Amino acid sequence: MEVREDWKATTVYQIYPRSFMDADGDGIGDIEGILQRLGYLKWLGVETLWLSPVYASPQRDFGYDISDYRAIAPEYGTMESMKRLIEAVHAQGMRLVMDMVMNHTSSDSAWFEASRSHRDDPKRDWYLWRDGRGKDGKKPPNNWRSMIGGSGWHYEEQTEQWYWATFLPFQPDLNYRNPVVKRAMLDHVRFWLDQGVDGFRLDIFNAIFKDASFADNPRSWRPFPSEDSPEGFFQRPLHTIDHPDTLAFSKELRAVLDSYSHPSRFLVGEVFGSPEALKRYCGEHADGLHLVFLFRAMRTAFRAEAFRALIAEYEQHFAPPLLPTWVFGNHDRARSIDRLDGDPRRAALLAFVQLTARGVPFLYYGEEIGMTSLDTPFSSSLDPLAHHYGWVPDLLWPWMKRMGLFVHRDVCRSPMQWEDGHHAGFSGTKEKTWLPVHPNFRRVNVEAQRKDPNSLLWCYRRLLHWRRLLPCLARGEMRLFEDQRSRRMLLGYERSLAGEAWRAEIWLNFGTQEQALPVGDAPLAWFSSLEASVEEVAWLDRGVALPMLSEAALLVSRPTRLRPFEGVLLVHRHG
Ligand code: NOJ
């Protein structure tokens, strides 16, 4: 029987649970809060929710340091509330993906506590322990650098050995060369699949296997890693990142997911590198991870030619059966609208790319209303990564940031701005919320934008619903239009799907001047990024059929000009 691969056509919305909605009034978001806001997510039209970690954790890295994979952190809820969430999401016809941190656990986990207790402990070999170099063994075992700079080896006096951590010192790496560890982690994966979750976002998946030789990594001249390359801190991570055994493991994990086919589940990997390098994680026969994050879009200049080149590159390396992903923000990066001068018209244009180009879109909570980064001092940051870099003089920060090092992640994790009221509707607490609400919440909030069909929120909503209505957007082929004359400003492409009644023609003006649209066929209907048409509002709010769906569909005239930063989608009869 053919398995329906719904994940291929889905749209993903990332919830950072700590900041989404606080139902119990402690100033921290929780699962009950997500349940309260499900109606909004349904209204918006997103199909899959990805939750950043809600497992039991000391929260030193806000959940990316898990101490118990089968328990929920009390500030977020209970196993019972999590089960209710899974059910409620499914009842809405939506899907739920959890974050799975396989590379490391918290140093407070029972596993690591046992492992660090004694050299002879049966769990010693569950982590990576080595003797140090030098006469007294006080030098790290080799030159390996962690992902955040500096040696990733940490010395333990008690047993006089070093353990390896790819990220922060309290996140020790598991030893996947020990089959018992692998089995235990795959059991955690199965446990959640059995609870009904629809897949996983895999945290720093590129670091799972380290080379068994523990040989030194070669030197490099690159100061910092980037979205495009994990090479940095003057080292090529030959033995620590993208190990062939990690690529092989992606297939093993895939096989586990594939054994749950009703409904089909999916994996999306957090990996870094060029699209060409990253596609290896999907397997030569599309038998690895279903998707990998492609972060290049986050740093692509706001120019038609830059996005044309990016789309061409994604199409080249992620041609069917593979699929690219479209990511503009997450809990580790500055808010995407910051790069767009805070201009909602530009944000709407990028939303057009994200939701109409071929691939699976990943939206970060608040992006849909244009939430901007929080201006909060580095010195009082709650982010452990900022503490790690506490020694860097303030003067150097702008330079480090320009070089792509982003370590003050509080700025993109501020509470969701629901309304123009107390704590922006995020929490009823009389105290402070865990991070402050952005002061622009009176202007930038869901309630205000819900009332305005020309808002950014509505633009996302309209796009999300067209994707449902027009299968060519979610599943179709992609063809870039060649238009040499105006390619600096204008980007155009077509989406079509064999056997479908409609095809979509998309034109985006990245310039500050009006642009003439190339002449072409009159469409059945067309939609603009800058304002909603009367028909769309009626369709979305009252369920009235769009004209193109009715028998009496009339050709409307083709738009001839695009305003600055305007995008349009033209619907044509196909074939
Ligand atoms: C990547 C996650 O996105 C980030 O938030 C976390 O701190 C590290 N991995 C470590 O788990």
For this session: Report whether or not D194 is at pLDDT 95 or above, of a type in the set (D, E) and more than 16 Å from the ligand (Cβ to nearest atom).
Result: yes
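Rundown of residues vs (1) closer than 20 Å to K251 by Cα; (2) of a type outside the set (F, W, Y), yes/no style:
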{"residue": "F167", "(1), (2)": "no, no"}
{"residue": "D173", "(1), (2)": "no, yes"}
{"residue": "N178", "(1), (2)": "yes, yes"}
{"residue": "R201", "(1), (2)": "yes, yes"}
{"residue": "F224", "(1), (2)": "no, no"}
For this session: Tell me, yes or no, whether the range 403-415 has at least one residue that is under 22 Å from the mean Cα position of the chain (by Cα), under 17 Å from T372 (Cα atoms) and more than 16 Å from the ligand (Cβ to nearest atom).
Result: yes
Problem set entry | Lone unmet requirement of (1) in contact with a Phe, Trp or Tyr (Cβ under 7 Å, 6 or more places away or on another chain); (2) outside any helix (DSSP H, G or I); (3) modelled with pLDDT of 95 or more; (4) not aromatic (F, W, Y) for V407 | (3)
Seminar exercise, completed: Of the residues in the range 3-26, those that are part of a loop (DSSP other than H, G, I, E, B) and over 30 Å from S259 (Cα atoms) come to M21, D22, A23, D24, G25, D26
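Might you let me know whether the range 435-455 holds any residue that is within 30 Å of R563 (Cα to Cα), of a type in the set (A, V, I, L, M) and assigned to a helix (DSSP H, G or I)?
Within the range 435-455 (the criterion being within 30 Å of R563 (Cα to Cα), of a type in the set (A, V, I, L, M) and assigned to a helix (DSSP H, G or I)), the answer is yes, since at least one residue qualifies.
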Exercise. Of these, G39, G63, which one is outside any strand (DSSP E or B) and away from the ligand (no atom under 16 Å from the Cβ)?
Worked result: G39
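Look through L405, L470 and report the one residue that is surrounded by 16 or more Cβ atoms within 10 Å (Cβ to Cβ) and within 30 Å of R573 (Cα to Cα).
The match here is L470.
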For this session: Please tell me if D26 is buried (at least 24 other Cβ atoms within 10 Å of the Cβ), modelled with pLDDT of 95 or more, within 30 Å of F167 (Cα to Cα) and not aromatic (F, W, Y).
Result: no
Exercise. Here are some conditions: (1) within 21 Å of P263 (Cα to Cα); (2) within 16 Å of the ligand (Cβ to nearest atom); (3) assigned to a loop (DSSP other than H, G, I, E, B). M98 meets all but one. Which one does it not meet?
Worked result: (3)
For this session: Report, by residue number, each residue of the range 273-294 that is surrounded by 23 or more Cβ atoms within 10 Å (Cβ to Cβ) and at pLDDT below 95.
Result: G273
Exercise. In the set S220, S229, which member is modelled with pLDDT under 95 and not assigned by TED's automatic domain parsing to the domain that holds R333?
Worked result: S229
Exercise. When you go through (1) outside the structural domain of E32 (by TED's automatic domain parsing); (2) surrounded by fewer than 22 Cβ atoms within 10 Å (Cβ to Cβ) one by one for A91, which number turns out not to apply?
Worked result: (1)
Problem set entry | Residue among V353, V327 that is among the aliphatic types (A, V, I, L, M), in contact (Cβ under 8 Å) with a residue 12 or more places away in the chain and closer than 17 Å to V568 by Cβ | V353
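If only one of E47, E80 is over 21 Å from the mean Cα position of the chain (by Cα) and more than 16 Å from the ligand (Cβ to nearest atom), which one is it?
Selected residue: E80, the only one of E47, E80 that is over 21 Å from the mean Cα position of the chain (by Cα) and more than 16 Å from the ligand (Cβ to nearest atom).
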For this session: Kindly check whether there is at least one residue in the range 359-369 that is aliphatic (A, V, I, L, M), more than 18 Å from the chain's Cα centre (by Cα) and assigned by TED's automatic domain parsing to the domain that holds Q14.
Result: no
Exercise. Under the condition of being crowded, with 22+ Cβ neighbours inside 10 Å and aliphatic (A, V, I, L, M), which residue from the range 101-124 is farthest from the ligand (Cβ to nearest atom)?
Worked result: M102
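One line per residue, one yes/no per condition, for (1) away from the ligand (no atom under 16 Å from the Cβ); (2) out of contact with any Asp or Glu (no Cβ under 9 Å at 6 or more places or on another chain); (3) more than 21 Å from R60 (Cβ to Cβ); (4) part of a loop (DSSP other than H, G, I, E, B):
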site	(1), (2), (3), (4)
S379	yes, no, no, no
L382	no, no, no, yes
A386	no, no, no, no
G390	yes, yes, no, yes
W418	yes, no, yes, yes
A424	yes, yes, yes, no
E431	yes, no, yes, yes
Problem set entry | Segments classed as helices (runs of 4 or more DSSP H), wholly inside the range 175-291, with at least 1 members that are of a type in the set (S, T, N, Q) and more than 27 Å from G150 (Cβ to Cβ) | 244-258
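The values are calculated or read from the model by the stated rules, or taken from the named source; none is laboratory data. Everything numeric in this text was worked out from a predicted model, so none of it was measured. Note that we place each Cβ from the backbone using ideal geometry, even for glycine, and neighbour counts take in every protein chain shown.
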